[in-house]
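Some notes on the structure that comes next.
We did not get these values from a lab; they are worked out from the coordinates using the rules stated. Since we're looking at a predicted model, the values are computed, not measured. Here the Cβ positions follow ideal geometry from the backbone for every residue, glycine too, while neighbour counts run over all protein chains shown.
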Amino acid sequence: MISLYLENPEDPSLASYSTTSRVEITSLFIYASYRHLGIGSAAIKEMERRAKTFGATHTTFNTMAMERHLRLFKEELGYREYKPRSQMYSVSDVVGAGLPEQYSVAAFLEKAL
């Protein structure tokens, strides 16, 4: 599942289409056995295409701040970090998923369309 938010009242820097033409890509999750097949990149590109059709100027999203993970978004998809990283995800959820505690920190990315 993947979604495109036009407004995010909890964090307007992520999505505030009505005032800034920014939209947020959310809810993208790829199971480990399907990663590295290009599914996530294709889904993000499709959301960018859809955002452009109604006049959005930027897409944004947040993701776990893992450097190798971020490299894909920055180098291959053209995103950049636009605000400081912060604690975003529940430590218990992250650890419960078998990931290290530091993965509870989020990076915030944006791309001009």
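Here is how the numbers come out for the structure above:
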{"quantity": "Test: residue in segment 82-91 that is β-branched (Val, Ile, Thr) and under 16 Å from residue 28 (Cα atoms)", "calculated": "no"}
{"quantity": "Count - residues of segment 1-39 that are out of contact with any Ser or Thr (no Cβ under 8 Å at 6 or more places or on another chain) and part of a strand (DSSP E or B)", "calculated": "1"}
{"quantity": "In segment 45-64, the residues that are closer than 19 Å to residue 29 by Cβ and assigned to a helix (DSSP H, G or I)", "calculated": "45, 46, 47, 48, 50"}
{"quantity": "Residue list for segment 73-109, restricted to those being among the aromatic types (Phe, Trp, Tyr) and farther than 20 Å from residue 39 by Cβ", "calculated": "82, 89, 103, 108"}
{"quantity": "Failed criterion for residue 42 (all others in (1) hydrophobic (A, V, I, L, M, F, W, C); (2) over 11 Å from the mean Cα position of the chain (by Cα); (3) part of a strand (DSSP E or B) hold)", "calculated": "(3)"}
{"quantity": "Residue tally, condition outside any loop (DSSP other than H, G, I, E, B) and either surrounded by 16 or more Cβ atoms within 10 Å (Cβ to Cβ) or without any contact (Cβ under 8 Å) to a residue 40 or more places away in the chain (or both), over segment 65-104", "calculated": "26"}
